[in-house]
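The values are calculated or read from the model by the stated rules, or taken from the named source; none is laboratory data. Everything numeric here is computed off the predicted structure, so don't read it as measured data. All Cβ positions, even for glycine, are placed from backbone atoms using ideal geometry, and neighbour counts span all protein chains on display.
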2 protein chains.
Amino acid sequence: MRRPTLEAVAARAGVSRATASRVVNGQTTVAPDIRDAVLRAIDELGYVPNSAARSLVTQRTDSIALVVSEPGTRVFSEDPMFSTAIRSASMELETVNKQVVLMLASSAKSHARVERYISGGHVDGVMLISMHGADPLPSALSRLRVPVVSYGRPAVPVQIPYVDNDNIGGAEAGVRHLVETGRRRIATIAGPQDMIGGQDRLTGYRNVLRDSDHRSIVAVGDFTRESGAVAMRQLLRDDPELDAVFVANDLMAVGALQSLRQAGRRVPDDVAVVGFDDIEAAKYTEPPLTTLRHPVAEQAAAMVRLLLDLFEGGTSEPVILPTELVVRESA
Amino acid sequence: MRRPTLEAVAARAGVSRATASRVVNGQTTVAPDIRDAVLRAIDELGYVPNSAARSLVTQRTDSIALVVSEPGTRVFSEDPMFSTAIRSASMELETVNKQVVLMLASSAKSHARVERYISGGHVDGVMLISMHGADPLPSALSRLRVPVVSYGRPAVPVQIPYVDNDNIGGAEAGVRHLVETGRRRIATIAGPQDMIGGQDRLTGYRNVLRDSDHRSIVAVGDFTRESGAVAMRQLLRDDPELDAVFVANDLMAVGALQSLRQAGRRVPDDVAVVGFDDIEAAKYTEPPLTTLRHPVAEQAAAMVRLLLDLFEGGTSEPVILPTELVVRESA
DNA sequence: ATCTCTTGAGAGAGCGCTCTCTCCACCCCT
DNA sequence: AGGGGTGGAGAGAGCGCTCTCTCAAGAGAT
């Protein structure tokens, strides 16, 4: 009751295994009638090539590891960026018939597991989603002689192609919007400073305040709603007079809005709020959130293409995608 | 520059390939000194077994397909249930050293792809996340002689083990809460009626209204925020006097809250709202959402264990997990 | 001392496929 | 009519591993 082999197909079609293989792999050097006979045999037998045997000889696996190196599992579940990126990358790879092996690398133990797996030749390449600065994975993987690309600029300056959005420019645009609408005391809830996105968005904030002669008021969160709520309360204690806050991602902005509401501040009348990411939920907050949109799905798709380029022997340059200010009611 | 083989390890350790293989696979019939020699050789050479060769002979791959059959890609990205389930299943499989191959089956074309892939022997088993009733995948896969388990009860009565939560009981508890707090006109925003969760939650709603002599007022959404907002506007037109609404998931409840706000209704004073799922965002709505909590992560983990049982030859029974009413401010 | 039994290690087949090499047959050119 | 060229098909090696079978050597029993 085991699955039919190429041998069986060849026998049924009355040809050699080599010819059957040619048909399966779409080579054109097979006479039409023989090709048809083989195809019929394949159909009748329900033949499907054995992938292990195939990749044993071709040294290819046609699968790609998608490594999500995210220590905070909560963030992974709640931040739609991750699932959007995963979905988009997955769909893009589907078009070239490659499989996605999903690996969550949350702990040091799983890092070792990922490294072992990848060096085991299970996959042809690696896509890395890691915003974490201290993450040893980018450099570890780049040493493995396996094609690696990254979603987001790796924190350590390692030589792997990546796709990122313009975090600094986006943050600047957001804060500039607050300045231009006459806000005087503009605080920020920054992301984790060991994440590249967290750092860059804070840099953008600082750039604009410096140039426009405002004072900076900073609290730091970890990109969760909860941390946004906590940071907002902190900011209100630090400077009760603040009239605007630039929040490094929408999830924290949602938490911040709640804290502002609980503190009796009206948004945007008393305090303007600008987020970052433009997640779907941003349209449904009270009031709807002004935020920076960046194309997560495109970014993931671009990452896939970068990897495919690498397979072709190309040496890919980093890609930076633009962000766009979406003005709603919160600022 | 190619990777070392077992042959090389054996040569370096001065033993046969068979003995080296025994050490690699942890068999105990190897003398300690020889074992050490082999381990040293492995270490020095940086040997990692070739997975293709191994699974060619063992007929195992140690990877599991996680098939997410979700036509609405928007829902996949925005509903944290999916990522929570994926993360939890992934972590559970990690403990038994199996890999997750993620497959998104959104279109008919990708259905064929999934079937082909799975019948290609790439994976040892399949976990199916499919809430969609008309989905041909459960029955198709169960025909493939591959172990299959499902997250959520399959719509068609096919003989595959599954883990689900008590949708009917949960909905009943939610609606009963509305009845008991004195609401008279209790509407519902139901989920898609081609999804089992959508059906069951509507059934629960109807059960309670029938028993307590209330009239049912139904609108149907598709589990997205947007559809919740649309459905709520519809309900308000249908029955401006309604004073409560049971919404089949939290995402739609978020949309419903927005529509209620825009219509000038106060929650819960004018209209009470009960959701379903208890996603993280439910704590951050205005007002925070009363909802039914069910253990998504546990459900996914239980699904994994069901599959592992199947590998052991066990014949697993469906598992139903309880839901819990979480009372916040919206009802 | 001989025989049986156990333990530990090697030989070698074979998993299912790809791909190079070889060969055959036919066509065109001179 | 003969020779070189070309297209199409087969033979067979080998990818790296596991696992059965076989065998050698030593322990224990008679």
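State the number of residues belonging to segment A:242-272 that are part of a loop (DSSP other than H, G, I, E, B) and touching a residue at least 60 places away in the same chain (Cβ under 8 Å).
Just the residues of segment A:242-272 that are part of a loop (DSSP other than H, G, I, E, B), to begin with: A:242-243, A:248-249, A:263-271.
Cutting the leftovers down to touching a residue at least 60 places away in the same chain (Cβ under 8 Å) gives us A:243, A:248-249, A:267-268.
Result for segment A:242-272: 5.
Would you mind telling me which numbered condition in (1) of a type outside the set (Ser, Thr, Tyr); (2) modelled with pLDDT of 80 or more; (3) crowded, with 23+ Cβ neighbours inside 10 Å B:Met131 fails?
With (1) of a type outside the set (Ser, Thr, Tyr); (2) modelled with pLDDT of 80 or more; (3) crowded, with 23+ Cβ neighbours inside 10 Å applied to B:Met131, the lone miss is (2).
B:Met232: of a type in the set (A, V, I, L, M, F, W, C) and touching a Leu at 6+ places or on another chain (Cβ under 7 Å), yes or no?
Values: of a type in the set (A, V, I, L, M, F, W, C): yes; touching a Leu at 6+ places or on another chain (Cβ under 7 Å): yes.
The answer is yes for B:Met232.
So how many residues does segment B:193-221 have that are buried (at least 23 other Cβ atoms within 10 Å of the Cβ), of a type outside the set (A, V, I, L, M) and outside any helix (DSSP H, G or I)?
The qualifying residues number 1.
What about B:Ser51, is it within 18 Å of A:Leu56 (Cβ to Cβ) and within 16 Å of DNA strand D (Cβ to nearest atom)?
Details: within 18 Å of A:Leu56 (Cβ to Cβ): yes; within 16 Å of DNA strand D (Cβ to nearest atom): yes.
The answer is yes for B:Ser51.
How many residues, within segment B:64-101, are out of contact with any Leu (no Cβ under 6 Å at 6 or more places or on another chain), within 7 Å of chain A (Cβ to nearest Cβ) and hydroxyl-bearing (Ser, Thr, Tyr)?
4
Looking only at segment A:77-84, decide whether some residue is more than 16 Å from DNA strand D (Cβ to nearest atom) and either hydrophobic (A, V, I, L, M, F, W, C) or not assigned by the TED database to the domain that holds A:Val114 (or both).
Looking only at segment A:77-84, we keep the residues that are more than 16 Å from DNA strand D (Cβ to nearest atom), and these are A:77-84.
From the residues that got through so far, the ones that are either hydrophobic (A, V, I, L, M, F, W, C) or not assigned by the TED database to the domain that holds A:Val114 (or both) too are A:81-82.
Within segment A:77-84 (the criterion being more than 16 Å from DNA strand D (Cβ to nearest atom) and either hydrophobic (A, V, I, L, M, F, W, C) or not assigned by the TED database to the domain that holds A:Val114 (or both)), the answer is yes, since at least one residue qualifies.
Any idea how many residues of segment B:102-121 are more than 24 Å from B:Asp277 (Cα to Cα), within 7 Å of another protein chain (Cβ to nearest Cβ) and touching a Leu at 6+ places or on another chain (Cβ under 7 Å)?
2
Among the residues of segment B:54-65, what is the count of those that are within 12 Å of DNA strand D (Cβ to nearest atom) and either touching a residue at least 40 places away in the same chain (Cβ under 8 Å) or within 30 Å of B:Arg87 (Cβ to Cβ) (or both)? Let's see the steps before the verdict.
Initial filter on segment B:54-65 (within 12 Å of DNA strand D (Cβ to nearest atom)): B:54-60, B:62.
Pick out the ones that are also either touching a residue at least 40 places away in the same chain (Cβ under 8 Å) or within 30 Å of B:Arg87 (Cβ to Cβ) (or both) and you get B:54-55, B:58-60, B:62.
Residues flagged as within 12 Å of DNA strand D (Cβ to nearest atom) and either touching a residue at least 40 places away in the same chain (Cβ under 8 Å) or within 30 Å of B:Arg87 (Cβ to Cβ) (or both) within segment B:54-65 amount to 6.
Quick grid of which residues meet (1) farther than 25 Å from B:Arg60 by Cα; (2) touching a helix residue (DSSP H, G or I) at 6+ places or on another chain (Cβ under 8 Å); (3) assigned by the TED database to the domain that holds A:Ile196:
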residue: A:Arg12; (1), (2), (3): yes, yes, no
residue: A:Val15; (1), (2), (3): yes, yes, no
residue: A:Arg22; (1), (2), (3): yes, no, no
residue: A:Gly26; (1), (2), (3): yes, no, no
residue: A:Ala31; (1), (2), (3): yes, no, no
residue: A:Ile34; (1), (2), (3): yes, yes, no
residue: A:Ile42; (1), (2), (3): no, yes, no
residue: A:Leu56; (1), (2), (3): no, yes, no
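Take A:Ser259 and tell me if it is farther than 22 Å from B:Ile279 by Cα and polar (S, T, N, Q).
Working: farther than 22 Å from B:Ile279 by Cα: no; polar (S, T, N, Q): yes.
Here the answer is no, as A:Ser259 does not meet what is asked.
Mind listing just one residue for me: the one in segment B:15-58 that is part of a loop (DSSP other than H, G, I, E, B) and more than 8 Å from DNA strand C (Cβ to nearest atom) and, of those, modelled with the lowest pLDDT?
Filtering segment B:15-58 for residues part of a loop (DSSP other than H, G, I, E, B) gives B:15-16, B:25-31, B:46-50.
Then keep just the ones that are more than 8 Å from DNA strand C (Cβ to nearest atom); that gives B:25-27, B:46-50.
On the way: B:Asn25: 87, B:Gly26: 83, B:Gln27: 79, B:Gly46: 88, B:Tyr47: 89, B:Val48: 88, B:Pro49: 90, B:Asn50: 89.
Selected residue: B:Gln27.
Failed condition for A:Arg12, given (1) within 13 Å of DNA strand D (Cβ to nearest atom); (2) not in a helix (DSSP H, G or I), with all others met?
It is condition (2) that A:Arg12 fails.
Taking the residues in segment A:21-43 that are touching a residue at least 24 places away in the same chain (Cβ under 8 Å) and either within 15 Å of B:Arg116 (Cα to Cα) or touching a Phe, Trp or Tyr at 6+ places or on another chain (Cβ under 8 Å) (or both) as candidates, determine which candidate is farthest from DNA strand D (Cβ to nearest atom).
Top of the filtered list is A:Ile42.
Go through (1) closer than 19 Å to A:Met103 by Cβ; (2) within 16 Å of DNA strand C (Cβ to nearest atom); (3) among the aliphatic types (A, V, I, L, M) and name the single condition B:Ala11 misses.
(1)
Looking only at residues that are buried (at least 22 other Cβ atoms within 10 Å of the Cβ) and over 21 Å from B:Thr224 (Cβ atoms) in segment B:273-301, which one is nearest to the other protein chains (Cβ to nearest Cβ)?
So the residue we want is B:Ala300.
Restricting attention to segment A:306-328, which residues are surrounded by 17 or more Cβ atoms within 10 Å (Cβ to Cβ) and not aliphatic (A, V, I, L, M)?
A:Ser316, A:Thr323, A:Arg328
What pairs can you find where one residue is in segment B:9-20 and farther than 18 Å from B:Arg54 by Cβ, the other is within 6 Å of DNA strand C (Cβ to nearest atom), and their Cβ atoms are less than 9 Å apart, with a gap of 6+ or different chains?
Close Cβ pairs satisfying both conditions: B:Ala11/B:Arg17; B:Ala13/B:Thr19; B:Ala13/B:Ile34; B:Gly14/B:Ile34; B:Val15/B:Val30; B:Val15/B:Ile34.
Within segment A:169-190, can one find any residue that is over 24 Å from A:Leu292 (Cα atoms) and not hydrophobic (A, V, I, L, M, F, W, C)?
Residues of segment A:169-190 that are over 24 Å from A:Leu292 (Cα atoms), as a first pass: none.
So far as segment A:169-190 goes, no, none of its residues is over 24 Å from A:Leu292 (Cα atoms) and not hydrophobic (A, V, I, L, M, F, W, C).
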